[in-house]
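K.L.:
Attaching a single structure in structure tokens format; questions to follow.
The values are calculated or read from the model by the stated rules, or taken from the named source; none is laboratory data. Because the structure is a prediction, the values reported are computed rather than measured. As a convention, Cβ positions derive from the backbone with ideal geometry for all residues, glycine included, and neighbour counts pool all protein chains shown. Keep in mind that these areas ignore ligands, DNA and RNA; they rest on the heavy atoms of the full protein, side chains included. Shrake-Rupley method; radii C 1.70, N 1.55, O 1.52, S 1.80 Å.
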Amino acid sequence: MDEQEPQSDTLTPRMLSWARNSAIYRLERRMHTEKQLFNAILRKALQKFENITEAQAKALADAAVKFAHGHKALDDVAYAEISTRSGMRGGRSKRAIALRLSQKGVAGETVAAAVAEADDLYAALVLARKRAFGPFRKGELDEKRKAKELSAFARAGFSFEIGKRVFEMPLDEAEEALASGRPL
């Protein structure tokens with residue numbers, strides 16, 4: 001689908017229409033951060049238009065991001081909040097959620113504000129239930145199993161105190177904490 005466009009620094013109406021349509025297409029399918037949308041449009045513009053310059057491609061990507069903002073289809077704050085809640089429900093620590101959001105191009109202060117609402121104890125309990133660790137353990141505890149469980153909490157980004165607390169928690173207390181946990 002290579003199409004030839006005249007070589008110039010201005011954007012044609014056809015290019016701008018393509019950028020808007022491409023932004024709509026991507027945002028209908030899933031949420032994006034500003035950086036994700038910008039990079040996707042930039043990459044596709046360089047593939048689609050044969051003689052496009054780098055400056056034109058960046059201008060198209062900027063136009064797509066502005067279009068999405070103008071239609072309130074792009075909101076990094078909402079993206080960060082939704083990703084944080086989803087991460088907690090999936091058993092991810094504040095640290096892991098913050099790293100993932102940063103990699104997706106969300107601003108540092110937005111990440112910090114979204115992650116401040118996260119509850120590491122709740123997320124650690126979810127992880128323990130998923131992996132059958134701590135109070136949800138099915139087998140007998142030996143030194144090898146203990147090391148495996150505590151190191152899994154550490155690799156998931158939880159502090160030693162949180163991991164140890166969940167590891168030593170009785171089953172009824174863990175189930176009660178999950179049931180009465182934060183409204184997600």
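K.L.:
Tell me the label-point distance for the pair Lys144, Glu109, using the 7 Å Cα-to-Cβ offset, in nm and rounded to one decimal.
P.N.:
Roughly 5.2 nm, to one decimal.
K.L.:
Same structure, new question: Just to confirm a number: summing +1 for Lys and Arg and -1 for Asp and Glu over residues other than Gly157 whose beta-carbon lies under 11 angstrom from that of Gly157, what do you get?
P.N.:
+4
K.L.:
Computing the accessible area with a 1.4 Å probe over protein heavy atoms, can you report the carbon and sulfur percentage for region 69-184?
P.N.:
Percent of accessible area from carbon and sulfur atoms in region 69-184: 51.
K.L.:
Quick check for you: with a 1.4 Å probe and neighbouring chains kept, what is the accessible area per residue of the chain, in Å²?
P.N.:
I get 59 Å² per residue for the chain.
K.L.:
What 222 nm value per residue comes from the helices of the chain, counting each DSSP H run with n ≥ 4 as -39,500 (n - 2.57) and dividing by all residues, nearest 500 deg cm²/dmol?
P.N.:
The helix-only estimate for the chain comes to -21000 deg cm²/dmol at 222 nm.
K.L.:
Could you tell me which residue out of Gly108, Met31, Ala68 lies farthest along the dipole of the chain toward its positive end? Charges go on the beta carbon: Lys and Arg +1, Asp and Glu -1, centred on the Cα centre.
P.N.:
Met31
K.L.:
Moving on to the next point. Please list, or write none, the lysines whose alpha carbon is within less than 27 Å of the alpha carbon of Lys66, excluding same-chain residues fewer than 8 places away.
P.N.:
Straight-distance partners of Lys66: Lys35, Lys44, Lys48, Lys58, Lys104.
K.L.:
Scale the Cα Rg of the chain by the rule-of-thumb value 2.2 N^0.38 Å and send over the ratio, two decimals.
P.N.:
Working it through for the chain, the quotient is 1.42.
K.L.:
Give me the percent relative contact order of the chain, please, defined on Cα pairs under 8 angstrom at least 6 residues apart.
P.N.:
Across the chain, relative contact order equals 19 percent.
K.L.:
Follow-up question, since we're still on this one. Could you give each residue of region 131-147 its phi-based ³J(HN,Hα) in whole Hz, using Karplus coefficients 6.51, -1.76, 1.60 with θ = phi - 60°, and x for Gly or Pro?
P.N.:
Working through the residues one at a time gives 9, 6, 10, x, x, 9, 5, 9, x, 7, 8, 10, 4, 5, 5, 4, 4 Hz.
K.L.:
Any chance you could check the Cα centroid distance between region 74-113 and region 148-176 for me, in angstrom?
P.N.:
With region 74-113 and region 148-176 each reduced to a Cα centre, they are spaced 22 Å.
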